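Chemist: Structure below; questions to follow.
The values are calculated or read from the model by the stated rules, or taken from the named source; none is laboratory data. All figures in this text were calculated on a predicted structure; none of them were measured in a lab. Every residue, glycine as well, gets a Cβ built from its backbone with ideal geometry; the counts of neighbours run over all protein chains shown. These area figures cover heavy atoms from the full protein model, side chains too; ligands, DNA and RNA do not enter into them. Shrake-Rupley method; radii C 1.70, N 1.55, O 1.52, S 1.80 Å.
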Amino acid sequence: SAQTKIPVVYQTEQGIKVSLHLHQLEGGHSGAEIDKERANGIIEMGRILKYLEERMQIGLISLEGGLKDNAIPRECICDILVTPEDEKKLEDAVFALNCTLQKEYQASDPDIVLKSEKLGTKKTQVLGYRSQSRILFFLRNMPNGIQHMNMEIPGLPETSLNAGIMKMTEEEFSVSFSVRSSVKSRKEEVMNRLSYLSEFLGGTVTFTGNYPAWEYKK
């Protein structure tokens, strides 16, 4: 397992609080179902938030998804703050995103749905600009899913990782991964990529329970 932690700073803002709920994904085991092209709630929420940020001013209030590092996350919840001027723009964007996700995942995740709920005008803590930029950059660029297939046994993933748990507290943002490989050097390569990305963004990575690679012998 690997856990990335990136420190965050908040600031107080006022606007309309909206809860985004991405749910009813198929999920599954990060080993047995990693090759089924199923949606990962954490990855897709990162995509959703970046899409919104490019079209309007948003402030991240809270962010969480997934229950186990070795399970593909079936849902993700995020509270954001938007300006009254962007209220309609947000509704249209959520509708468009929902249609896109349902079309892309109609075979693997037929029940996937993105919903938004307005929670009224609030004065609340949101991520500062730099913290939010780092978190969104990490979510859009972190490795996930199958990295290499086994070339000796057809259909068998050789190296993969799964972003399984995402949390955000007053001090830090964290994502826990399950990393798998039957080739030691490729497992180390994935871990190095995670370390490089996290450290570049001012964070850290801790690795635990590192099982030896089960190398294939002809």
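Chemist: Could you please give the count of residues in the stretch 107-147 that are of a type in the set (S, T, N, Q) and in a helix (DSSP H, G or I)?
Modeler: Counting residues in the stretch 107-147 that are of a type in the set (S, T, N, Q) and in a helix (DSSP H, G or I) gives 4.
Chemist: In the stretch 146-153, is there at least one residue being open to solvent by 10 Å² or more (accessible area, probe 1.4 Å), at pLDDT 95 or above and within 25 Å of residue 48 (Cα to Cα)?
Modeler: no
Chemist: Further question on the same structure: Based on what the data block shows, is residue 5 in contact with a Phe, Trp or Tyr (Cβ under 8 Å, 6 or more places away or on another chain) and either closer than 28 Å to residue 160 by Cβ or in a strand (DSSP E or B) (or both)?
Modeler: The answer is yes for residue 5.
Chemist: Next up: For residue 104, work out the one condition from (1) at pLDDT 95 or above; (2) open to solvent by 30 Å² or more (accessible area, probe 1.4 Å); (3) under 13 Å from residue 59 (Cβ atoms) it doesn't fulfil.
Modeler: It fails just one condition, (3).
Chemist: Continuing with this model, one more query. Residue 89 fails exactly one of the following numbered conditions: (1) exposed (fewer than 14 other Cβ atoms within 10 Å of the Cβ); (2) without any contact (Cβ under 8 Å) to a residue 40 or more places away in the chain; (3) not aliphatic (A, V, I, L, M); (4) not in a loop (DSSP other than H, G, I, E, B). What is the number of that condition?
Modeler: Among (1) exposed (fewer than 14 other Cβ atoms within 10 Å of the Cβ); (2) without any contact (Cβ under 8 Å) to a residue 40 or more places away in the chain; (3) not aliphatic (A, V, I, L, M); (4) not in a loop (DSSP other than H, G, I, E, B), residue 89 violates only (1).
Chemist: If you don't mind, another one. Please find, within the stretch 9-39, the residue that is modelled with the highest pLDDT out of those that are outside any strand (DSSP E or B) and open to solvent by less than 10 Å² (accessible area, probe 1.4 Å).
Modeler: 25
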